[in-house]
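Colleague: There's a structure below that I have some questions on.
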Amino acid sequence: MPTFEDAQSALEQFFSFNTFREGQADVIRAVLAGRDVVVVMPTGGGKSLCYQLPALLFPGVTLVISPLIALMKDQVDALNARRIPATVINSSISFEQQLARLRALADGEFRLVYVAPERFRNERFVEALRGVNVSLFAVDEAHCVSQWGHDFRPDYLRLQAAAEAIGQQGQRPQMIALTATATPRVREDIAAQLGLRDPASFIAGFDRPNLALRVVPCKTDNERIARAAQIIERSDGTGIIYTATRKAVEDVTQQLQSLKLRVAGYHAGLGEATRTSVQDRFMAGELHAIVATNAFGMGVDKRDLRFVTHYNLPGSLEAYYQEVGRAGRDGLPSVCTLLFNYIDTRTHEFFLEGSYPTPDLVRDVYACLLGYERDELDLTARELSPRLGVRNELALNASLVLLEKAGHIERGTGSHSALRILERVARNALRVDWHELVKRRQAEERKLREMVNYAYHTGCLRRFILEYFGDSKEVSNCHCSHCQPQMRWKRIEEAVEELNARQQSASNDPLPPDDGPRALTDEEHLTVRKILSCVARLDGKFGKNIVAGVLRGSRASKILSNQLDQLSTYGLLRAYAQDELTRFLNALIVAGCVRQSGLAYPVVSLTELGRQVMHDRARVALDLASVAADLSDDVGEEPVVVVSEKTTPRIAGATLELTFELYQQGLGIAEIAARRELKPGTIAGHLADLIADGRPINLADLLATDDQVLIENAIAENEQTGQAGLRAIKERLPERIGFDDIRLVLAARRKPAS
Ligand code: ADP
């Protein structure tokens, strides 16, 4: 068996590296010890070495499964340049060549062979591999096996069987799975779907101490431009400015050029020649910055990027961190700035809506098609749009795709847009996998929510990212905007002024003065004490939004179902809006009066200082001007991106849909709660909301008829005596009837007349 010392000398001999990068040595030790391994490292972290080095030391060949043909070739070229015999087998070479390579493989001519996952569709290919001594089966981009990942590839699901099939003497080769996507769910999925046996798991290399992570809240596009310009002007080198859309690339490029900055735009819609020329100028260091969509960056190996600025909010921390990871690859200080405006979440919601339409929309689209007598229809999503009153054509298209996948319709290809109805079934008999649809949408929503949480995070940003990726490394000497706030941009007013002058635009908001903490008025101090007493009452069990909701007397389902409306602090600050209260809370966190803990569902509790202030034994100064309000609302039980009850719940819809689907499958409250791992009260809350929304929910499915009658009577009596509130109703009822039951009946009474 090869030893770790062997690995160390191979590192120098073949790769000319002196030391291992963070995590590599541990991984290689486990691989040499014969274990199955999962490796999570960021892009550029040095994953390849984790299997390339053992490949040199094992007796048999190492198969590397990789989905990207271009990258495979690069890897093989790099290995060959180091005089390591390696080759590729994928669709870019002829069948004869594939056979020849397989023969050479069996003869032991290669140490590594890169294989495209779709090769394993071919039985004969797998058969041919049986004659080869395979020591290690390495699955690169292993998140592709997970339907939770962003890049699911069905071919990856064959890999477990393929690995089992090629083992010699009934022993499947040892496996190593590598990815840069680290959510625990994806990791578990990788191990399960690839059939890894007691895998050793390694997460390393996410920490990039030379990157100064910064979030800069921006109220207007002018502010964003001014900040972006400032970052370029202050920097000694070049960088990337990422925007969400092609149009934004063009606008931002043009505005920065008008400030005499040497920038160029890059997106997939530009001609090949333009893209190449922009990329060449960028690589040569002729540009101050490139303004690009995320189409730019893959395979760009410029190690001295001094900044990566996000003009728009990315859809996930995975995407964000991958993009900022391109800065400072040379290890020198670099600045990664997120120019944050909450408005950007709308773009993402639009895309989410477009990728994962609601079950109702899919049914509506189907019903609309059935409205035609003919089965052959010459219809496009654009034409359906006015008929259904739905503007999001992406969502309509996605609905058609789902209907086609379920076999209800067939869509024409290419320019021929004809649709054919294959069968006419009842609206609620569609075979679309609703559960999967809702689940996927929720997964995406959760990622967006975490991205927004990052933008609003009031603690260390580097720590936040490491926790998100599951990297437990301690951080010190951090340069993020929380740990080094003194690095705040000072000249923003000048930059905006300059911008205004140049653009001669009248519609600019000047920036608010950034004046830091100030002493509170007596009235504010009293407000703060009320807020703190509510935090104390809720005793570390809830997040900021619930605290705010309780204070302003919200009737959100989570508040009622937890009976928080019974607290003495309920409704104590009715005059305040949700976001005013969360602004106070955020300022109190910054000032050290309130502690926030937990990542996915952060809860708040009182610190000793907070207790002093609550008892009026101390006063604090707060920075209410520059701290942001919290625009999320966890007044639901799951992450939702909703501002307050006053706005229509947008993302919250998905969780309701899931409950509704399960109800339609005939499950009761307790069963739905068990299935979804939520409290029965929460599910009752969902059902009450669904009833109020006019959904076909039969109270008799949820409540005994006798109880329903008792509740109706109690409500009627209350109305006669002029009493209000759930508690008064409950008092008239037998003990076994709970608040949830009452709320369901109340919802049914409020239900819109149909
Ligand atoms: P990943 O697959 O994780 O994105 P790579 O394996 O391509 O990353 O490695 C990124 C770069 O780091 C490559 O240029 C590689 O040669 C280099 N590298 C990897 N390990 C080491 C090491 N121990 N010392 C120096 N450079 C390394």
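Colleague: Could you count how many residues in the stretch 189-232 are outside the structural domain of Val40 (by TED's automatic domain parsing) and without any contact (Cβ under 8 Å) to a residue 40 or more places away in the chain?
Modeller: Residues flagged as outside the structural domain of Val40 (by TED's automatic domain parsing) and without any contact (Cβ under 8 Å) to a residue 40 or more places away in the chain within the stretch 189-232 amount to 1.
Colleague: Against the definition (within 20 Å of Ser554 (Cα to Cα) and open to solvent by 80 Å² or more (accessible area, probe 1.4 Å)), how does Arg617 come out, yes or no?
Modeller: For Arg617, the condition - within 20 Å of Ser554 (Cα to Cα) and open to solvent by 80 Å² or more (accessible area, probe 1.4 Å) - is not met.
Colleague: Just wondering, is there one or more residues in the stretch 285-300 that are within 16 Å of the ligand (Cβ to nearest atom), open to solvent by 10 Å² or more (accessible area, probe 1.4 Å) and without any contact (Cβ under 8 Å) to a residue 40 or more places away in the chain?
Modeller: Taking every residue of the stretch 285-300 in turn, at least one turns out to be within 16 Å of the ligand (Cβ to nearest atom), open to solvent by 10 Å² or more (accessible area, probe 1.4 Å) and without any contact (Cβ under 8 Å) to a residue 40 or more places away in the chain.
Colleague: Looking at this structure, is Ala180 in contact with an Asp or Glu (Cβ under 9 Å, 6 or more places away or on another chain) and within 30 Å of Gly328 (Cα to Cα)?
Modeller: On the way: in contact with an Asp or Glu (Cβ under 9 Å, 6 or more places away or on another chain): yes; within 30 Å of Gly328 (Cα to Cα): yes.
When the stated conditions are applied, Ala180 passes them.
Colleague: Residues in the stretch 183-190: is at least one closer than 20 Å to Gly325 by Cα, surrounded by 22 or more Cβ atoms within 10 Å (Cβ to Cβ) and away from the ligand (no atom under 16 Å from the Cβ)?
Modeller: yes
Results for (1) in contact (Cβ under 8 Å) with a residue 60 or more places away in the chain; (2) within 12 Å of the ligand (Cβ to nearest atom), shown as yes or no for each residue.
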site: Gly23; (1), (2): yes, yes
site: Leu32; (1), (2): no, no
site: Val40; (1), (2): yes, yes
site: Ala55; (1), (2): yes, no
site: Thr62; (1), (2): yes, no
site: Ile65; (1), (2): yes, no
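Colleague: Kindly indicate which of Arg387, Arg382, Arg440 is assigned to a helix (DSSP H, G or I), under 21 Å from Thr659 (Cβ atoms) and not assigned by TED's automatic domain parsing to the domain that holds Gln147. Spell out the reasoning first.
Modeller: Values: Arg387 fails: under 21 Å from Thr659 (Cβ atoms); Arg382 fails: under 21 Å from Thr659 (Cβ atoms).
Of Arg387, Arg382, Arg440, the one residue that is assigned to a helix (DSSP H, G or I), under 21 Å from Thr659 (Cβ atoms) and not assigned by TED's automatic domain parsing to the domain that holds Gln147 is Arg440.
Colleague: Right, something else. Got at least one residue in the stretch 301-320 being under 14 Å from the mean Cα position of the chain (by Cα), closer than 24 Å to Val278 by Cα and among the hydroxyl-bearing types (Ser, Thr, Tyr)?
Modeller: Within the stretch 301-320 (the criterion being under 14 Å from the mean Cα position of the chain (by Cα), closer than 24 Å to Val278 by Cα and among the hydroxyl-bearing types (Ser, Thr, Tyr)), the answer is yes, since at least one residue qualifies.
Yes/no matrix, rows are residues, columns are (1) outside any helix (DSSP H, G or I); (2) open to solvent by 40 Å² or more (accessible area, probe 1.4 Å); (3) among the basic types (Lys, Arg):
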site: Phe542; (1), (2), (3): yes, no, no
site: Ile546; (1), (2), (3): no, no, no
site: Ser554; (1), (2), (3): yes, no, no
site: Lys558; (1), (2), (3): no, yes, yes
site: Thr569; (1), (2), (3): yes, no, no
site: Glu580; (1), (2), (3): no, yes, no
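Colleague: Quick check on the stretch 1-21: of everything there that is more than 10 Å from the ligand (Cβ to nearest atom) and assigned to a loop (DSSP other than H, G, I, E, B), which residue is surrounded by the fewest Cβ atoms within 10 Å (Cβ to Cβ)?
Modeller: Across the stretch 1-21, the extreme among qualifying residues is Met1.
Colleague: Also: What are the residues in the stretch 67-76 that are closer than 12 Å to Val113 by Cα and either near the ligand (Cβ under 9 Å from one of its atoms) or in a loop (DSSP other than H, G, I, E, B) (or both), if any?
Modeller: If the condition is that a residue be closer than 12 Å to Val113 by Cα and either near the ligand (Cβ under 9 Å from one of its atoms) or in a loop (DSSP other than H, G, I, E, B) (or both), then Gln75 is the only one that fits.
Colleague: Among the residues of the stretch 79-96, what is the count of those that are within 13 Å of the ligand (Cβ to nearest atom), open to solvent by 50 Å² or more (accessible area, probe 1.4 Å) and not in a loop (DSSP other than H, G, I, E, B)?
Modeller: The qualifying residues number 1.
Colleague: Is at least one residue of the stretch 354-365 open to solvent by 10 Å² or more (accessible area, probe 1.4 Å), under 30 Å from Ser316 (Cβ atoms), in a loop (DSSP other than H, G, I, E, B) and hydrophobic (A, V, I, L, M, F, W, C)?
Modeller: Looking through the stretch 354-365, none of the residues is open to solvent by 10 Å² or more (accessible area, probe 1.4 Å), under 30 Å from Ser316 (Cβ atoms), in a loop (DSSP other than H, G, I, E, B) and hydrophobic (A, V, I, L, M, F, W, C).
Colleague: Which one of Tyr372, Tyr366 is under 20 Å from Asp433 (Cα atoms) and among the aromatic types (Phe, Trp, Tyr)?
Modeller: Tyr366
Colleague: Could you list all residues from the stretch 301-323 that are open to solvent by less than 20 Å² (accessible area, probe 1.4 Å) and touching a Leu at 6+ places or on another chain (Cβ under 6 Å)?
Modeller: Across the stretch 301-323, the qualifying residues are His310, Tyr311.
Colleague: State the number of residues belonging to the stretch 233-255 that are surrounded by fewer than 23 Cβ atoms within 10 Å (Cβ to Cβ) and among the aliphatic types (A, V, I, L, M).
Modeller: Matching residues across the stretch 233-255 total 2.
Colleague: Can you name the residue in the stretch 141-178 that is crowded, with 24+ Cβ neighbours inside 10 Å and within 25 Å of the chain's Cα centre (by Cα) and, of all such residues, is modelled with the lowest pLDDT?
Modeller: Per the stated criteria, the residue is Ser146.
The values are calculated or read from the model by the stated rules, or taken from the named source; none is laboratory data. Predicted model only: the values in this text are computed from it and were never measured. Because the Cβ atoms are built from the backbone with ideal geometry, glycine has one as well, and the counts that use them run over all protein chains shown. SASA here: full protein model, heavy atoms, side chains in, ligands and nucleic acids out. Shrake-Rupley method; radii C 1.70, N 1.55, O 1.52, S 1.80 Å.
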